[in-house]
Amino acid sequence: MFQMDKLLRDNIRQLVPYSSARDEFKGEAHVFLDANENSLGSPLTRWYNRYPDPLQWKLKEALSRVKGIAPQHIFLGNGSDECIDILYRAFCIPGKDNVIINPPTYGMYEVSAHINDIEVRRARLLDDFQLDLVHLENLVDENTKIIWICSPNNPTANSMNRQDVEIILNNFNGLVVIDEAYINFSRHRSFIQELPDYPNLVVMQTMSKAWGLAGLRLGMAFASEAIIDVYNKVKPPYNISQATQELALQALEETEQVNDMIRALVNMREQLHQQLAVLSVVKKIYPSDANFLLVKVADARAVYHYLLDKGIVVRDRSKVELCEGCLRITVGTEPENRELLEALARYPGA
């Protein structure tokens, strides 16, 4: 049975978090003399001389309406990378605990583990890029704190079998983190609505992909109130800037436009798949639930450098296990996709 208090590190359980006056104050006020801000403003605008809401309540309330989940179940991070790192610092004891990843997958799970001195165990995906439940189960021991699942997965672009994920949720007593950065491009439903059934579940999403706000660095974690309280206890006081909060609020008012963009990108993804498939340099294109394609080509490294010479940057994944010979290609604008296709059609030997 999942018991979060036993999973939590002792120092985090005993931690008294930093508290600003904005955290402690409840109610309305119009004179703020608590935070040593520059009361005269700034050369840029008089509005950014004040610290932002440390818990981003207006933004969380807007997200609550879009996601269908109460604000107290939402944590906002400086990119999903902060959401990842805090879980390591709160739940994993350096030099003792371990986590499980399912490669090939998003690289920051492993990088953040190494930064925090946490052992990484690898349950490699099966040849169809699905979870290997037997291998995963054999890796779990009493010091396994987190299982990371990316779905749709990066770089393979496929969604994980939902029943497999539910088996893990029902049988693992640590945290199960499902990274849904690309969920908006998929036909599969989010695990957010399953949170009441699984106290050990953390779902991550982002404003970087479907919402087109990668430059703002705004990641989201959805979980039980107990886990969100841990996130808020460990995070820096003002981790989301005022500008980011304001711009994200504006974006959340344009959900129909975002949905139109998602539909357009999915259609462009299918078109790009069809157009790549007829090129002789392309050997295989894997199914995608994301805004990119994993494409096996003849001599991936050579094709990668050829495209670089043409001013076109794709991601070389040819040295990643199960992705040998593959490039990861983001769905671009129509002119960008056309330039890519024309360059590949002229590839020497094609």
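Every number here is computed from the coordinates shown, using simple stated rules; none is lab data. Values in this document were obtained by computation on a predicted structure and should not be read as measured data. Methodologically, a virtual Cβ is constructed for each residue, glycine included, from the backbone with ideal geometry; neighbour enumeration extends over all protein chains shown.
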Beyond a 23 Å Cα-Cα separation, which of these cross-linked pairs lie in this structure: Lys209/Lys310; Lys283/Lys319; Lys296/Lys319; Lys60/Lys233? Lys209/Lys310
Going toward the positive end of the dipole of the chain, with +1 on Lys and Arg Cβ and -1 on Asp and Glu Cβ, which of Pro152, Asn38, Val314 do you reach last? Val314
Total charge of the residues flanking Ile101 in space, meaning their Cβ is under 10 Å from its Cβ, with Lys and Arg +1 and Asp and Glu -1, is +2
Grab the other residues whose beta carbon is less than 14 angstrom from that of Ile84, score K and R as +1, D and E as -1, and report the net. -2
Total charge of the residues flanking Leu308 in space, meaning their Cβ is under 12 Å from its Cβ, with Lys and Arg +1 and Asp and Glu -1, is +1
At least 27 Å along the helix axis (C-alpha) and Kyte average at least 1.0, DSSP helices within the chain: none
Using mean Cβ contacts within 10 Å as the protection proxy, how do 34-44, 184-194, 333-343 order, highest first? 184-194, 333-343, 34-44
The list (1) 22.0, 71; (2) 20.5, 69; (3) 24.6, 81 gives values of Rg and Dmax of the Cα atoms in Å, and only one came from this structure; which label was calculated from it? (1)
Free-standing Cys, the chain [no other Cys Cβ under 4.7 Å]: Cys83, Cys92, Cys150
If you average the alpha carbon positions of the stretch 127-172 and of the stretch 190-251, how far apart do those two centres end up, in angstrom? 22 Å
Shape call, the stretch 256-345: gyration tensor on alpha carbons, a/c limit 1.5: prolate
If the cut-off is 12 Å between C-alpha atoms, which aspartates and glutamates fall inside it for Lys96, apart from same-chain ones fewer than 8 positions away? Asp117, Glu119, Asp141, Glu142
